[in-house]
Amino acid sequence: MTSLHCTRRHTCALAATGLLLIVSSVGAPAMAAGFADFSGLWINRYEYNGDSVSSIRSRIENAASLGITDVMWQVRGRADAYYDSEHEPWAQGLSESVDPLQVAIDAAHDNGIKLHAWMNTMPLWNSSQLPSDGDHPIYNDDPSFRVTDYYGDLEPSDGYSGSSYARVNHLLPEVHDHINDVVRDLSENYDVDGVHLDYIRWMGPTSSSQGYRPDWYYLPHDDYSHDLFFQATGLDGSSFSNATAYRDWNQSRITDLVASVKQTVDAAEVSTGRTIDLSAAVWNNPDTAEHDYLQDYRSWLEQELVDIAMPMLYLSSSNHDRLFDDYVSRITSIETDSRIVVGLGSYLHDEDGGGPELTVEELQGLYDAGLDGAAFYGYGSFFGTGSLGVARQEAVKDFYESIAPVLVGDYNSDGVVDGADFTVWRDSFTQVGEGLPADGNNDGCVCITDYHLWVQHYGETLADLIAAPAEAAGVPEPATWSLLALAGLVAARRGAARRG
């Protein structure tokens, strides 16, 4: 029996008798599955409003240069349309000569990016000056889409103090139907890869005297809403004694809306033959989301009412250390087969807010926690912010490069583990040094361990690894000739040793 050794921090040995080889099982380096499959970027309506076709395409191309896989492109801000809508008017001031959504979709697909139509769901308007277009949903009066509070007052058209938006009455089936019409229009008439719901929650005041829950007095209190509540529960929605039940029912109606949108998107998938993901931007803490904002996204995930939930962890250096790990722990405790992609507030990471270093630190934290990806708010934090934006671009690209999947055993880097890689290993066997192509475990030498890695991964391809990194791929046995070749190598070295 002959042993061959090479040493540099570790020792590797080969033992062989004749043509009989005993190959041990060697574990491959661990790799997180799928995190880089969703690298998202929000582009809001103010960032492209008025852009030419070339400028819109330039924004998408910039995203592609960053390695972005998914763009959330805002198409609805305040019950208006930044596209050719069948149900809502063009946004005020937006030229109808260019359909920015169609331009963005074409540019995204040309650059291998998925585009999600991002819509503000609950907002109805945000100005004391009402829309100039009489077809705007704020003018609906049978029934009114606007919220009437306990005192009989309509919510101001620019929202209650601190909210910035007036919102639709989320209790009404007519409102649900309208929002689903908008979603159907987007998903069937545009080649979008997803529909992204934002502001899908309570947006009105909360009350400290009511346990910092949504203020019961500012929930919808019109007669129609009370009738619907009575039909559902047999209770009187106008009585404060039923405040808890009324809040709970308000929350359930928001969940009902999400469920109905999911049905609409699923139906569009069938009718168009395309995959269309339903995603939702949600509050950073699932417990706060449910308690303060009537947004029970824990149940949305558990029931798979959304394909992707995107908790918004918008933190800076002033609160990152206190909150980040806690929020991530709460989010990862949710059991679901849907994806959870966390939104990072990179716009807060300025020179005083942690800079690009904090952006990457948070990316690393999400990756280590096993989450399904990250998205950045927003476009302006990378482009148009001078040297800080450029530094953030480079830092983020370096991070994703560091976690890129590595096809173990692919010693000639052609994307396939095959006989050619054995040749590279054979020709460099026992070499010692840094960066050796056949040093599969990066221990500084080309050893028998690296052969074991080649055997273990024989037949795998980089394309398969990227497509299904979490699956334990069945590895076919290496060709008989390669085993014989290894035995021949051993025999040749044995003969050389004897002659020496």
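The values are calculated or read from the model by the stated rules, or taken from the named source; none is laboratory data. From a predicted model like this one, the values you see are computed outputs, not experimental measurements. Note that we place each Cβ from the backbone using ideal geometry, even for glycine, and neighbour counts take in every protein chain shown.
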**Message:** Given the criteria in contact (Cβ under 8 Å) with a residue 60 or more places away in the chain, among the small types (G, A, S), surrounded by fewer than 19 Cβ atoms within 10 Å (Cβ to Cβ) and out of contact with any His (no Cβ under 6 Å at 6 or more places or on another chain), does S271 qualify?
**Reply:** yes
Flagged in segment 419-463 as out of contact with any Leu (no Cβ under 8 Å at 6 or more places or on another chain), assigned to a helix (DSSP H, G or I) and crowded, with 18+ Cβ neighbours inside 10 Å, in numbering order, are D421, V424, W425, T449, D450, H452, L453, W454, V455, Q456
Flagged in segment 205-218 as surrounded by fewer than 24 Cβ atoms within 10 Å (Cβ to Cβ) and either touching a Gly at 6+ places or on another chain (Cβ under 8 Å) or outside the structural domain of A309 (by TED's automatic domain parsing) (or both), in numbering order, are P205, D215, Y218
Checking D427, D368 in turn, the sole residue that is more than 27 Å from V328 (Cα to Cα) and either in the same structural domain as L348 (by TED's automatic domain parsing) or acidic (D, E) (or both) turns out to be D427
Residues of segment 69-106 being surrounded by 23 or more Cβ atoms within 10 Å (Cβ to Cβ) and free of Cβ contacts under 8 Å to residues at least 40 places away in the same chain, in sequence order, are Y82
Reported set for segment 371-415 where residues are of a type in the set (A, V, I, L, M, F, W, C) and either in contact with a strand residue (DSSP E or B) (Cβ under 7 Å, 6 or more places away or on another chain) or part of a loop (DSSP other than H, G, I, E, B) (or both) is L371, A374, A375, F376, F382, F383, I403, A404, V406, L407, V408
Out of (1) farther than 19 Å from A259 by Cβ; (2) without any contact (Cβ under 8 Å) to a residue 60 or more places away in the chain; (3) loosely packed, with under 15 Cβ neighbours inside 10 Å; (4) out of contact with any strand residue (DSSP E or B) (no Cβ under 6 Å at 6 or more places or on another chain), the one P173 does not meet is (1)
Those residues of segment 290-313 that are in contact (Cβ under 8 Å) with a residue 40 or more places away in the chain and over 20 Å from D337 (Cα atoms) come to a total of 5
Does segment 190-209 include one or more residues that are under 23 Å from V75 (Cβ atoms) and in a helix (DSSP H, G or I)? no
T430 meets each of (1) modelled with pLDDT of 80 or more; (2) in contact with an Asp or Glu (Cβ under 9 Å, 6 or more places away or on another chain) with one exception, condition (2)
Checked segment 380-415 for anything surrounded by 18 or more Cβ atoms within 10 Å (Cβ to Cβ), at pLDDT 95 or above and of a type in the set (V, I, T); matches are V396
Subset of segment 229-253, residues under 20 Å from Q295 (Cβ atoms) and not acidic (D, E), comes to F229, A232, A243, T244, A245, Y246, R247, W249, N250, Q251, S252, R253
Only one of (1) among the hydrophobic types (A, V, I, L, M, F, W, C); (2) in contact with a strand residue (DSSP E or B) (Cβ under 8 Å, 6 or more places away or on another chain); (3) under 27 Å from D51 (Cβ atoms) does not apply to A107, and that is (2)
If you go through R146, R184, R167, the only one that is touching a Gly at 6+ places or on another chain (Cβ under 8 Å) and under 25 Å from A91 (Cβ atoms) is R167
Output for Cβ contacts, cut-off 6 Å, separation at least six or different chains, first residue assigned by TED's automatic domain parsing to the domain that holds V424 and within 15 Å of T423 (Cα to Cα) in segment 436-462, second among the hydroxyl-bearing types (S, T, Y) and part of a loop (DSSP other than H, G, I, E, B), reads P437/Y411; A438/Y411
Q | Hey, D185 under 27 Å from D266 (Cβ atoms), free of Cβ contacts under 8 Å to residues at least 12 places away in the same chain and out of contact with any Pro (no Cβ under 9 Å at 6 or more places or on another chain) or not | A | no
For Y151, the lone unmet condition from (1) within 19 Å of R45 (Cβ to Cβ); (2) aromatic (F, W, Y); (3) out of contact with any Asp or Glu (no Cβ under 7 Å at 6 or more places or on another chain) is (1)
Residue pairs qualifying under the 9 Å Cβ cut-off, at least six apart or on distinct chains, with the first in segment 32-43 being more than 16 Å from L407 (Cβ to Cβ) and in a helix (DSSP H, G or I) and the second being at pLDDT below 95 and hydrophobic (A, V, I, L, M, F, W, C), are F35/I403; D37/I466
Picked from segment 344-379 (must be under 22 Å from E61 (Cα atoms) and of a type in the set (G, A, S)), the residue surrounded by the most Cβ atoms within 10 Å (Cβ to Cβ) is S346
